[in-house]
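Enquirer: Provided herewith is a single structure, encoded as structure tokens, for subsequent inquiry.
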Amino acid sequence: MKTIDLSLLVALDALLAEESVAGAARRLNLSEPSASRALARLRAALGDPLLVRAGRRLVATPKALALRGRVRSLVEQAEDLFREEGEAETARLERTFTIRSNDAFAGPYAARLTERVSTEAPRVTLRFVPEGEEDSESLRSGAVDLDIGALGTMGPEMRTQRLFVDAFVGIVGAGHPLASGLVTPERFAGFPHVSASRRGKVVGPIDAALGRLGVRRSVTLVVPSYYSAIITVAASPRLVGAVPGRLAEEGARRLDLRTFKLPVVTDPVDVYQIWHPRFDADPAHRWLRETVRAVVDAE
């Protein structure tokens, strides 16, 4: 078996990140000739040039691009292995966290969370992905670091923390008749409605609550997200929408919208952050969860 110098892994990580021998040398606190020799050894070991000249700069080869993420992950794991347990070194943390969430969290909090993260950990990137199949597999596999939303069908081993409780409210444009006066079930149902459903459902809990009162509304438009519903309502003189309250408040601050209490009772919306137990003690993940909690609590 060929003996591998594992120090080359750190050199490879720096070279692929910088795409520059000089930049890698600075990052590793080495001389340029030493970094150049490391690149030569890596080329021989991997059977690929890794970085090739393109004009006045170096660019990564396809193989180097394919290796970049794996190498970064291995180096991060090695750093975690030797790092003392405790607080994450956020100023030096270089990582992309994938957060699965819908508009109910991302709308009111994504910008605030990004501001805080950028201040404490400028090399961290937050990657929000939309809800899809809310199961545990993506958390188990590491494809998603943190799930923010309803508990759904998460596995029993998942760790959870409730962030807040929300409730749906009505939204209309500022000139809409429902922007003033008492909103009764009959008045509410007397206008065309837009419904937000990523699965395209026309009927939901609001319709069930109205039905118990003998009232039926007309849903004339279904859109895939709450944000789409907010923008659509803002552009319409007649449409009525219903979205989570915190998102509605955010939309009303930025658009000419009015919110009102729904004339029917619907179940509250419990919003949790959910993660896999293997990240319980990980300093970087713990810092992320604490930061999410702090941003929500600061409202």
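The values are calculated or read from the model by the stated rules, or taken from the named source; none is laboratory data. Everything quoted here is computed from the prediction, not taken from an experiment. Glycine also receives a Cβ, built like all others from the backbone with ideal geometry; neighbour counts cover every protein chain displayed.
Enquirer: Can you tell which of V233, V296 is in a helix (DSSP H, G or I), over 17 Å from T160 (Cβ atoms) and in contact with a Leu (Cβ under 6 Å, 6 or more places away or on another chain)?
Expert: V233
Rundown of residues vs (1) under 26 Å from S101 (Cβ atoms); (2) in contact (Cβ under 8 Å) with a residue 24 or more places away in the chain; (3) in contact with a Gly (Cβ under 9 Å, 6 or more places away or on another chain); (4) part of a strand (DSSP E or B), yes/no style:
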| position | (1), (2), (3), (4) |
| --- | --- |
| P156 | yes, no, no, no |
| T160 | yes, yes, no, yes |
| L163 | yes, yes, no, yes |
| G181 | no, no, no, no |
| V202 | yes, no, no, no |
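Enquirer: Where the second residue is in a helix (DSSP H, G or I) and at pLDDT 90 or above and the first is closer than 20 Å to R123 by Cα and among the aliphatic types (A, V, I, L, M) and lies in the stretch 276-299, which pairs have Cβ atoms under 7 Å and are six or more apart or on separate chains?
Expert: That search, which allows pairs on different chains as well, returns V292/L113; V295/Y109; V295/R112; V295/L113; V295/R116.
Enquirer: Tally the residues that are surrounded by 12 or more Cβ atoms within 10 Å (Cβ to Cβ), more than 19 Å from L6 (Cα to Cα) and modelled with pLDDT under 90, restricting the search to the stretch 26-60.
Expert: 1
Enquirer: I've got another one for you. Would you be able to say whether some residue in the stretch 119-140 is under 11 Å from the mean Cα position of the chain (by Cα), crowded, with 16+ Cβ neighbours inside 10 Å, at pLDDT 85 or above and among the small types (G, A, S)? Spell out the reasoning first.
Expert: Residues of the stretch 119-140 that are under 11 Å from the mean Cα position of the chain (by Cα), as a first pass: 125-131.
Subsequent filtering for residues that are crowded, with 16+ Cβ neighbours inside 10 Å retains 126, 128, 131.
Now narrow it down to the ones that are at pLDDT 85 or above: 126, 128.
Then drop every residue that is not among the small types (G, A, S), which leaves none.
No, there is no match, as no residue in the stretch 119-140 is under 11 Å from the mean Cα position of the chain (by Cα), crowded, with 16+ Cβ neighbours inside 10 Å, at pLDDT 85 or above and among the small types (G, A, S).
Enquirer: Quick check on this structure: which one of A106, A143 is assigned to a loop (DSSP other than H, G, I, E, B), closer than 27 Å to G69 by Cα and not assigned by TED's automatic domain parsing to the domain that holds A229?
Expert: A143
Enquirer: Does P192 satisfy the condition of being surrounded by fewer than 19 Cβ atoms within 10 Å (Cβ to Cβ), free of Cβ contacts under 8 Å to residues at least 24 places away in the same chain and either of a type outside the set (V, I, T) or within 30 Å of D282 (Cα to Cα) (or both)? Explain how you work it out, then say what you get.
Expert: Details: surrounded by fewer than 19 Cβ atoms within 10 Å (Cβ to Cβ): yes; free of Cβ contacts under 8 Å to residues at least 24 places away in the same chain: no; either of a type outside the set (V, I, T) or within 30 Å of D282 (Cα to Cα) (or both): yes.
No: the conditions fail for P192.
Enquirer: In contact with a Pro (Cβ under 9 Å, 6 or more places away or on another chain) and within 26 Å of A110 (Cβ to Cβ): is that true of S225 in this structure?
Expert: yes
Enquirer: I'm trying to understand the selection: among the residues of the stretch 6-34, which are farther than 16 Å from L74 by Cβ and outside any helix (DSSP H, G or I)?
Expert: Hits for the stretch 6-34 are E19, S20, N29, L30, S31.
Enquirer: Another one. Answer yes or no as to whether R217 is in contact with a His (Cβ under 8 Å, 6 or more places away or on another chain), in the same structural domain as L182 (by TED's automatic domain parsing) and either surrounded by fewer than 16 Cβ atoms within 10 Å (Cβ to Cβ) or free of Cβ contacts under 8 Å to residues at least 60 places away in the same chain (or both).
Expert: Here the answer is yes, as R217 does meet what is asked.
Enquirer: Among the residues that make up the stretch 161-184, is at least one of them of a type in the set (V, I, T), surrounded by fewer than 19 Cβ atoms within 10 Å (Cβ to Cβ) and under 30 Å from H285 (Cβ atoms)?
Expert: Yes.
Enquirer: Any residue in the stretch 243-258 that's on the phi < 0 side of the Ramachandran plot and not assigned by TED's automatic domain parsing to the domain that holds F105: show its pairings with residues that are assigned to a helix (DSSP H, G or I) and surrounded by fewer than 21 Cβ atoms within 10 Å (Cβ to Cβ) at Cβ separation under 6 Å, as long as the two are six or more apart or on different chains.
Expert: Filtered contacts from the stretch 243-258: L255/A234; L257/A234; R258/A179.
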